[in-house]
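Written out below as structure tokens is the structure these notes cover.
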Amino acid sequence: MRRFPAFDPPEYVSWRPDQALARTFRERVEHDPARRAIVAELTRDDHRGLYAGLVRARLHDIQLKRWVRTGVISKAWLGTGEEATTVGPVHALVRGRDIVAPMIRNAAACIEFGVPLADMFRAYLGSADSPSGGRDLHVGDFERGVLQPISHVADVVPVIAGLALAFKLKAEPRVALTWIGDGSTKTGTAHEGTNFAAVQKVPAIFIVQNNQVALGTRVEQHHLPGGFDDWAAGYGIWGASFDGNNVLDAFAATRIAADRCRAGAGPALLVAETFRMGGHATHDEREARETFPASQFEEWGQRDPIGQYEGYLLGLGWTAGELTEVEDEVTGEVERAAESAAHSRDSMPAGESALGGVYAK
Ligand SMILES: Cc1ncc(C[n+]2csc(CCOP(=O)(O)OP(=O)(O)O)c2C)c(N)n1
Ligand SMILES: [Mg+2]
């Protein structure tokens, strides 16, 4: 996709494929027979959907960055570099049936489950017509299967476990999924929710999204060496890991977990390794650059989930023109949504609406 020197991480601006990484990307989905079979069944439309999802997520972030730089909003929380960890799993679920609970880094989950992009932007504007009527920038729409998060990290973990318990009690073949940041795994609620799901054997999927950092604390400062690979075993549940920058690996691992859930095999804990290519939000980009050595940004920059997937698709026989066509379409979508949302900018919620939706009556 096109790169924007003013808005993309510097490592993405003149991104070039690396042959060894391209091989690793392919091997990652081919080494496991179950994942290989799932990926082999993907149709051209499936690939198109995954690619469009990644591009949409990136352009959503770029649009927010534009608004920050031009003073429309004061800051934005982005998922740049982590798009595959959200887009792959969401596409592996059934839209309209399953439930997702995105965290701030997983805005793409809302979009891919059908929340209009213009509403995503309105949430940031806090306008009267934003999804929460201007109360919160966290977006959800339960009708569309998206649980609105609150800012307390991991508090959705027990909620997802509870939703999954309801699915089990009603014998509905549905799955509930949420992401838990590496830092958020250190909360009591993450543990309580995961343990509850394990004991009750509910159809829930927890994705530990290890982007190597929590605010300004590097993962090795809050987690002992050894990663998260044995965490599922610690709860006595099934687990697996996937490459968080490989949308196909993310898709296949989640599809396997979801099939197990639907078959009554209980919850799954998936571990995704990825990297936050920016600050915690747009306000601390410089501090983030000081938190890690430049070489770490370079290494993860080379593993850009979009660039790597484009390389894979070209290897499948897609042409550069076909990829550009998808990108142009998504660019139009994002631009129209931002323009439409911008019209809401001056429609601030009336003071007397503050109590609306707070009490049942
Ligand atoms: C319960 C709770 N404690 C502290 C915070 C403040 N806080 C917001 S984001 C964050 C770091 C989260 O890190 P991680 O879980 O790794 O997610 P990431 O931001 O890297 O996606 C913290 C501590 C919070 N929102 N909720
Ligand atoms: Mg983190």
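For this structure, a couple of remarks:
- Residue pairs meeting the criteria (Cβ under 9 Å; at least 6 apart or on separate chains; first touching a residue at least 60 places away in the same chain (Cβ under 8 Å) and assigned to a loop (DSSP other than H, G, I, E, B), in segment 140-155; second crowded, with 20+ Cβ neighbours inside 10 Å and among the hydroxyl-bearing types (S, T, Y)): none
- Where T189 falls short, out of the listed (1) under 20 Å from the mean Cα position of the chain (by Cα); (2) within 9 Å of ligand 1 (Cβ to nearest atom); (3) part of a helix (DSSP H, G or I): (1)
Results for (1) more than 20 Å from T331 (Cβ to Cβ); (2) within 16 Å of ligand 1 (Cβ to nearest atom), shown as yes or no for each residue.
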residue: L64; (1), (2): no, yes
residue: W67; (1), (2): no, no
residue: A76; (1), (2): no, yes
residue: E83; (1), (2): no, yes
residue: V90; (1), (2): yes, no
residue: R95; (1), (2): yes, no
residue: I99; (1), (2): yes, no
residue: P102; (1), (2): yes, yes
residue: A109; (1), (2): yes, yes
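- Looking across segment 10-46, just one residue is closer than 20 Å to V94 by Cβ and in contact with a strand residue (DSSP E or B) (Cβ under 9 Å, 6 or more places away or on another chain), and that is R35.
- Just one of the listed residues (A171, A232) is part of a helix (DSSP H, G or I) and either among the small types (G, A, S) or within 16 Å of ligand 2 (Cβ to nearest atom) (or both), namely A232.
- Flag for V68 being closer than 23 Å to R345 by Cα, part of a loop (DSSP other than H, G, I, E, B) and touching a Lys or Arg at 6+ places or on another chain (Cβ under 8 Å): no
- Checked against (1) assigned to a loop (DSSP other than H, G, I, E, B); (2) out of contact with any helix residue (DSSP H, G or I) (no Cβ under 6 Å at 6 or more places or on another chain); (3) within 16 Å of ligand 2 (Cβ to nearest atom); (4) under 27 Å from V358 (Cα atoms), G81 passes all but condition (4).
Rundown of residues vs (1) within 20 Å of L316 (Cα to Cα); (2) surrounded by fewer than 19 Cβ atoms within 10 Å (Cβ to Cβ); (3) free of Cβ contacts under 8 Å to residues at least 12 places away in the same chain, yes/no style:
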{"residue": "F7", "(1), (2), (3)": "no, no, no"}
{"residue": "V13", "(1), (2), (3)": "no, yes, yes"}
{"residue": "D18", "(1), (2), (3)": "yes, yes, no"}
{"residue": "R48", "(1), (2), (3)": "yes, yes, no"}
{"residue": "D61", "(1), (2), (3)": "no, no, no"}
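- Residues of segment 222-254 classified as over 11 Å from L270 (Cβ atoms), modelled with pLDDT of 95 or more and surrounded by fewer than 21 Cβ atoms within 10 Å (Cβ to Cβ), total: 6
- Candidate set from segment 257-290 (those that are within 18 Å of the chain's Cα centre (by Cα) and either part of a helix (DSSP H, G or I) or of a type in the set (D, E) (or both)); member that is surrounded by the most Cβ atoms within 10 Å (Cβ to Cβ): A257
- Residue count for segment 294-350, restricted to those that are modelled with pLDDT of 95 or more and either among the hydrophobic types (A, V, I, L, M, F, W, C) or under 19 Å from V13 (Cα atoms) (or both): 35
- Where a residue in segment 208-226 is part of a loop (DSSP other than H, G, I, E, B) and its partner, wherever it lies, is more than 9 Å from ligand 1 (Cβ to nearest atom) and of a type in the set (S, T, Y), with Cβ under 6 Å and at least six apart: N211/T274; G216/T291
- Every listed requirement among (1) touching a Gly at 6+ places or on another chain (Cβ under 7 Å); (2) crowded, with 17+ Cβ neighbours inside 10 Å is met by A22 save one, (2).
- Test: residue in segment 150-166 that is modelled with pLDDT under 95 and either more than 16 Å from ligand 2 (Cβ to nearest atom) or not basic (K, R) (or both): yes
- Extreme residue, nearest to the chain's Cα centre (by Cα), among residues of segment 84-127 that are among the β-branched types (V, I, T) and not in a helix (DSSP H, G or I): V100
The values are calculated or read from the model by the stated rules, or taken from the named source; none is laboratory data. The model shown is predicted, which means the values in this text are computed figures rather than measured ones. Methodologically, a virtual Cβ is constructed for each residue, glycine included, from the backbone with ideal geometry; neighbour enumeration extends over all protein chains shown.
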